[in-house]
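The values are calculated or read from the model by the stated rules, or taken from the named source; none is laboratory data. Being a predicted model, the structure only gives us computed values, none of them experimental. When we count neighbours, we look across all protein chains shown, and the Cβ atoms used for this are built from the backbone with ideal geometry, even at glycine. The area values use the complete protein model at the heavy-atom level, side chains included, leaving out ligands, DNA and RNA. Shrake-Rupley method; radii C 1.70, N 1.55, O 1.52, S 1.80 Å.
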Protein chains: 2
Amino acid sequence: MPLSKERFQACYRLTGDRHEAFRKAKDICLEQTVEFPEELVPDGLIRDTVVGRIESFRRTGKDAHEARISYAAEIVGGELTQLINVLFGNISIKPGIRLERIELPDSLLKHFPGPRWGVPGLRKLFRAPKRPLLCTAIKPLGLSAAKLAEMTFRFGLGGIDIIKDDHGLANQSYALFRDRVKGCSRAAREASRQTGRPCVYAPHVSAPHPKMVERALLAWREGAGALLVSPGLRGFGMLEYLSCATHLPILAHPAFLGTYVLNPESGVSHRVLFGQMARLAGADATIFPNFGGRFSFSKEECLEIASGAGGKMGKMAPIFPAPGGGMSLDRVPEMLRFYGRDVLFLVGGGLFKDGPDLTANARRFRQMVGG
Amino acid sequence: MPLSKERFQACYRLTGDRHEAFRKAKDICLEQTVEFPEELVPDGLIRDTVVGRIESFRRTGKDAHEARISYAAEIVGGELTQLINVLFGNISIKPGIRLERIELPDSLLKHFPGPRWGVPGLRKLFRAPKRPLLCTAIKPLGLSAAKLAEMTFRFGLGGIDIIKDDHGLANQSYALFRDRVKGCSRAAREASRQTGRPCVYAPHVSAPHPKMVERALLAWREGAGALLVSPGLRGFGMLEYLSCATHLPILAHPAFLGTYVLNPESGVSHRVLFGQMARLAGADATIFPNFGGRFSFSKEECLEIASGAGGKMGKMAPIFPAPGGGMSLDRVPEMLRFYGRDVLFLVGGGLFKDGPDLTANARRFRQMVGG
């Protein structure tokens, strides 16, 4: 079988002076591929092809360098989990290395389904050719399924496109998944019938295997129109499957992923983790905490995510950046200027704060985006 | 349905002065449960029970405090993914918070399978009532399945208990999973037949869904005696399933998990992540980089992992700490003194470095642990 000669590229930020950073770059080439002492690496295919290759190396700041390393596409074996493993598996354990950017050739991209809907698909689904899409969350944990369904209906009546579970809703006795998914899916359909506008409910399906797949399929059967998935809890390799298996739009939630981006000297960049990886795995929108909310992402980091979600990646459709996390309605104009119109606004608690009439609050939200 | 009144506890290290750290503690109580502005939290069950509760708060150092927060067992819904979500889901995105310790009551522990084999089971399986267990890895990536099988046989002949895939082996064209698992399982059996000692092969089964389950079941059918699983790539919720579904011993690999422990001010402690979570999910041994190898864990951090793997957790069996990552045979005596005998030594590349006769190297390794 002829081996592909194609290679893909990863850029790493390396902490340290030139000598130390270059040593780290050489180490990555071995650690992420053969995991073998250099002197023992067999000559031929393995040394020439399998081992990573430093394509460029430059100083980017005080005690900071950047190495661009290429890997043989073949070592990914066409699988997302192994791609992540090659990009950052073992070196996640080594300090002073951060995965900043990735560039994948078409021959590798073709192995990944990417978003089934993406920006164009969701725009068609919600009959929203230009405006931002709107999302809110039903909460708090502890309410009954009936109360959550009623809340879904009220938000839907006000014109919210996607009404998602709070990501803390699983299968607690307060509102079992089965009851919730039935009630809330029905409520979203009824709201949609009354307004004449599309409106979907997105249950949180993250759970241990095999319950996650069962819940996603149950959600599909019950007419939930989208899924909320936390790849930090169950891996990007499960998100990928659900996108393929259910045909439902997928919102990726950042739970348990934050640690990767918090330290600028280690982990994975905002662009790669919340933008490119989520998109490769098949998310249609990627939720992240907006700047200026109750989390700490900077404007620059949010733009990075938007550019990973929307920038060129072969033929893969762009996906919606979905900034949330403590947003309030009065920030919508500022966010519109910042993100442009290809954005999915997630206002959760902020929509409750605006007064007890959830439908009126939702309508105001919808009017603010020209909807 | 009567709700359990039981609560479980999590200790967080909080960066900041007393005022800031206490604010963080109060924030965790809301963020990890109701994710709702405090003034909107409904009175009664939700405010009294669902919201997290600060049980204690103390200064632990300059700009460092520790809060012990309790959560209602009910909000976990009996699921590992949701336990992780409550412990550290959203606050993973907030700087200056580290999950240091967890304490789970029996009523919660009973929902998790824990290790099927653990230390007592593996000791029986390998007829090793007292000595450390031995593990090595077949590598490098790029070799054919036939060569990897031959290597498995040679290590087995020398008395290695578990011969695992390098974690970079997936389903690459060099050695397809199916070919590798057939060849290496057979090789380990043949070695065992010749030595009269148990010897198993542990293929790396991490893959996107549904391939991971298929591979684990194929491995089981082909007579592989254990599985190598990377929860960083596919989640602890999949590890749990494989332990239940295959009855095979599971080695947990730390790929893509390192970032959680690297920064002492954020993420999750070594004890919780590599010790307690791996054990809760059903790993029988937890692989981590030993101090003084090519990674950077300290002696203290390694002891933390060993204590999470072996300390009391209800009726859950202890599991083997499996230090590896650049170990060499000359360090075995020091590691024996450090870890005691309840340890699984993983020497990979170091066993190749000792000369071209892999069987002789493996024998020397075995003799060093009194085997």
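Over 27 Å between C-alpha atoms is what I'm after, so list which of B:LYS139/B:LYS312; A:LYS26/B:LYS139; A:LYS130/A:LYS315; B:LYS299/B:LYS353; B:LYS5/B:LYS315 land there. Please report the intermediate quantities before stating the final value.
On the way: B:LYS139/B:LYS312 36 Å; A:LYS26/B:LYS139 19 Å; A:LYS130/A:LYS315 21 Å; B:LYS299/B:LYS353 24 Å; B:LYS5/B:LYS315 21 Å.
The pairs that break the limit, which is 27 Å between Cα atoms, are B:LYS139/B:LYS312.
Can you give the angle from 0 to 90° between the axis of helix B:358-368 and the longest principal axis of chain B, with both taken from C-alpha atoms, to the nearest 10?
That works out to roughly 60 degrees.
Report, largest value first, the span of the C-alpha coordinates of chain A along each principal axis, in whole Å.
Result for chain A: principal-axis Cα extents of 69, 44, 37 Å.
On a 0 to 90 degree scale, rounded to 10, what angle separates helix B:177-195 from the longest Cα axis of chain B?
Relative to chain B, helix B:177-195 is tipped by roughly 60 degrees.
So what's the gap between the Cα centers of the range A:222-241 and the range B:9-30, to the nearest angstrom?
31 Å
Along Cα→Cβ at 7 Å, what distances in nm separate the B:GLU300 label point from those on the other copies, shortest first?
3.2
In chain A, what percentage of the DSSP-assigned beta bridges are antiparallel, given to the nearest 5?
On the way: 22 of 46 bridges.
Once the DSSP bridges in chain A are tallied, antiparallel ones form about 50 percent.
List the distances, in nm to one decimal, from the label point of B:GLU334 to the label points of the same position in every other copy, shortest first, placing each label point 7 Å from Cα along the Cα-to-Cβ direction.
Label-point separations across copies, in nm and ascending: 5.4.
Note down the net charge around B:GLY292, summing +1 for each Lys or Arg and -1 for each Asp or Glu among other residues with Cβ under 15 Å from its Cβ. Kindly include the intermediate steps, with their values, before the conclusion.
On the way: positive: A:LYS94, B:ARG294, B:LYS299, B:ARG331, B:ARG337; negative: B:GLU300, B:GLU301, B:ASP330, B:GLU334.
Overall, the nearby charge balance is +1.
Take the solvent-accessible surface of the protein heavy atoms, probe 1.4 Å, and return the percent of it on the protein assembly as shown that carbon and sulfur atoms account for. Display every interim value, and only then the final one.
Values: 12910 of 25350 Å².
Here carbon and sulfur together make up 51 percent of the probe-accessible area.
Distance between the C-alpha centers of the range B:61-98 and the range B:295-371? Whole Å please.
Cα centroid of the range B:61-98 versus Cα centroid of the range B:295-371: 31 Å apart.
Total accessible area buried between chains A and B, 1.4 Å probe, in Å² to the nearest 100?
On the way: alone 16210 and 16240 Å², together 25350 Å².
Counting both chains, the buried surface is close to 7100 Å².
Does the range B:89-155 classify as rounded, prolate or oblate by the C-alpha gyration tensor (a ≥ b ≥ c root eigenvalues; a/c under 1.5 gives rounded; else a/b over b/c gives prolate, otherwise oblate)?
Oblate shape, in that a/c is at least 1.5 and b/c is the bigger or equal ratio.
Quick check for you: which residues of the range A:124-154 have the amide N under 14 Å from the point 7 Å beyond the Cα of A:ARG363 toward its beta carbon?
Answer for this model: A:154.
List the relative contact order of the range B:162-273 as a percent without decimals, with contacts defined as Cα pairs under 8 Å and 6+ residues apart.
Details: 152 pairs, mean separation 25.4, N = 112.
Relative contact order for the range B:162-273 comes out at 23 percent.
Before I look further, what does the protein assembly as shown give for accessible area per residue, probe 1.4 Å, in whole square angstrom? Can you show the working numbers first?
Values: 25350 Å² over 742 residues.
About 34 Å² of surface per residue is accessible.
From Cα coordinates alone, what are the radius of gyration and Dmax values for the protein assembly as shown in angstrom?
Using the Cα atoms of the protein assembly as shown, the pair Rg, Dmax is 25.2, 78 Å.
Efficiency by 1/(1 + (r/R0)^6): what FRET value for B:LYS353 and A:LYS110, r their Cβ-Cβ distance, R0 = 41 Å, to the nearest 0.05? Please list the in-between numbers first.
Values: r = 39 Å, r/R0 = 0.96.
The formula returns an efficiency of 0.55 here.
Suppose we keep just the DSSP beta bridges with both residues in the protein assembly as shown; what percent of those would be antiparallel, to 5? Don't jump to the answer; show the numbers that get you there.
Details: 44 of 93 bridges.
DSSP beta bridges in the protein assembly as shown are roughly 45 percent antiparallel.
Taking K and R as +1 and D and E as -1, what net charge do the other residues with C-beta under 14 Å from the C-beta of A:LEU141 add up to? Please list the in-between numbers first.
Numbers: positive: A:LYS139, A:LYS147, A:LYS164, A:ARG180, B:ARG47; negative: A:ASP165, A:ASP166, B:GLU31, B:GLU35, B:ASP48, B:GLU74, B:GLU79.
Value of the local net charge: -2.
Cut-off under 19 Å on the C-alpha distance; same-chain residues fewer than 8 positions from B:LYS62 excluded. Which aspartates and glutamates are left, in chain and number order?
Here the aspartates and glutamates satisfying the reach criterion relative to B:LYS62 are B:ASP17, B:GLU20, B:GLU100, B:GLU265.
Rounded to the nearest 5, what is the percent of antiparallel bridges among the DSSP beta bridges in the range A:138-285? Each step should come with its number before you reach the end.
Details: 0 of 10 bridges.
Rounded to the nearest five, the antiparallel share is 0 percent.
Just checking the output field for B:357-365: average partner chain Cβ neighbours within 10 Å of each residue's Cβ?
Working: counts 0, 0, 0, 0, 0, 0, 0, 0, 0.
Going residue by residue through B:357-365 and averaging, the value is 0.
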